[in-house]
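Colleague: Sending over a structure as structure tokens; questions will come in a sec.
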Amino acid sequence: MENRNGQHGICGVYCGQCPAGNGRVKTIAGELKRLVDTTRYDWVGYVVKSFRLEEFRKGLEWFADAQCPMCLNGGGAPCENRKCAPAKKLESCLLCGDYLTCKHTEYQREWYPFVTENYNRVKEAGFQKHLEEEEERARAGVDLMGHLERRCCKTVKLGTDQ
């Protein structure tokens, strides 16, 4: 399998499953901007004094225009992995024997603990097979949101108690 638009992160996270990398954030922000513009929320600033519609719209415009080009294409958050792996002539940190103890992958192991499974899968099946499997998961709708929601949203309330 060829590297499809750099959809794998050097760090072991598959960018094609990230809402910033797969275009989900861009699409949702664009849709929300369109809804806000067409339903004319100009009045909200009069009701909620601290709300600034123009600032909110600027934020939506930024997200609607932005799409992370992913780290292999120069995007994503700055990290040492982009220096370390190429210095070791590795396509991915998942190919490094120090992955489970490396200080550069500490963040990924903490925030995305499934990368340990990715590392073990690469050792078992090979890097290209792992990428093919991650691409299949992405096409099937698997993304990082479920994991991040469980990690970041400890409680979720729908509606109000009556």
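The values are calculated or read from the model by the stated rules, or taken from the named source; none is laboratory data. This structure is a prediction, so every number in the text was calculated from the model and none was measured. Every residue, glycine as well, gets a Cβ built from its backbone with ideal geometry; the counts of neighbours run over all protein chains shown.
Colleague: Before we move on, is Gln67 buried (at least 16 other Cβ atoms within 10 Å of the Cβ) and among the polar types (S, T, N, Q)? Lay out the reasoning, then the answer.
Modeller: On the way: buried (at least 16 other Cβ atoms within 10 Å of the Cβ): yes; among the polar types (S, T, N, Q): yes.
Taking the combined requirement at face value, the residue satisfies it.
Colleague: Quick check: anything in segment 46-66 assigned to a loop (DSSP other than H, G, I, E, B), at negative phi and either assigned by TED's automatic domain parsing to the domain that holds His130 or of a type in the set (A, V, I, L, M) (or both)? Write out each step before concluding.
Modeller: Restricting attention to segment 46-66, the residues satisfying the condition of being assigned to a loop (DSSP other than H, G, I, E, B) are 48-52, 66.
Narrowing the set further to residues that are at negative phi leaves 48-52, 66.
With either assigned by TED's automatic domain parsing to the domain that holds His130 or of a type in the set (A, V, I, L, M) (or both) added as a condition, the list becomes 48, 66.
The answer is yes, given that some residue of segment 46-66 is assigned to a loop (DSSP other than H, G, I, E, B), at negative phi and either assigned by TED's automatic domain parsing to the domain that holds His130 or of a type in the set (A, V, I, L, M) (or both).
Colleague: Kindly evaluate Leu95 against the criterion of being within 26 Å of Arg121 (Cα to Cα), in contact with a Phe, Trp or Tyr (Cβ under 9 Å, 6 or more places away or on another chain) and hydrophobic (A, V, I, L, M, F, W, C).
Modeller: Details: within 26 Å of Arg121 (Cα to Cα): yes; in contact with a Phe, Trp or Tyr (Cβ under 9 Å, 6 or more places away or on another chain): yes; hydrophobic (A, V, I, L, M, F, W, C): yes.
Here the answer is yes, as Leu95 does meet what is asked.
Colleague: Go through (1) farther than 20 Å from Val122 by Cα; (2) surrounded by 12 or more Cβ atoms within 10 Å (Cβ to Cβ) and name the single condition Thr39 misses.
Modeller: Status for Thr39: all satisfied but (2).
Colleague: Can you tell me which of Cys11, Cys71, Cys15 is in contact (Cβ under 8 Å) with a residue 60 or more places away in the chain and not assigned by TED's automatic domain parsing to the domain that holds Tyr119? Can you show your working first?
Modeller: Details: Cys11 fails: not assigned by TED's automatic domain parsing to the domain that holds Tyr119; Cys15 fails: not assigned by TED's automatic domain parsing to the domain that holds Tyr119.
Only one candidate qualifies: Cys71.
Colleague: Which of the following residues is under 30 Å from Leu94 (Cβ atoms), modelled with pLDDT of 85 or more, buried (at least 18 other Cβ atoms within 10 Å of the Cβ) and within 16 Å of the chain's Cα centre (by Cα): Gly23, Gly12?
Modeller: Working: Gly23 fails: buried (at least 18 other Cβ atoms within 10 Å of the Cβ).
Residue meeting the stated conditions: Gly12.
Colleague: Within segment 94-149, how many residues are within 16 Å of the chain's Cα centre (by Cα), in a helix (DSSP H, G or I) and exposed (fewer than 12 other Cβ atoms within 10 Å of the Cβ)?
Modeller: 4
Colleague: Check whether at least one residue in segment 77-86 is more than 21 Å from the chain's Cα centre (by Cα) and either within 17 Å of Gly16 (Cβ to Cβ) or part of a loop (DSSP other than H, G, I, E, B) (or both), and report yes or no.
Modeller: Scanning segment 77-86 turns up no residue that is more than 21 Å from the chain's Cα centre (by Cα) and either within 17 Å of Gly16 (Cβ to Cβ) or part of a loop (DSSP other than H, G, I, E, B) (or both).
Colleague: Any residue that is more than 18 Å from Ala20 (Cα to Cα) and among the small types (Gly, Ala, Ser) - is there at least one of those in segment 52-72?
Modeller: Taking every residue of segment 52-72 in turn, none turns out to be more than 18 Å from Ala20 (Cα to Cα) and among the small types (Gly, Ala, Ser).
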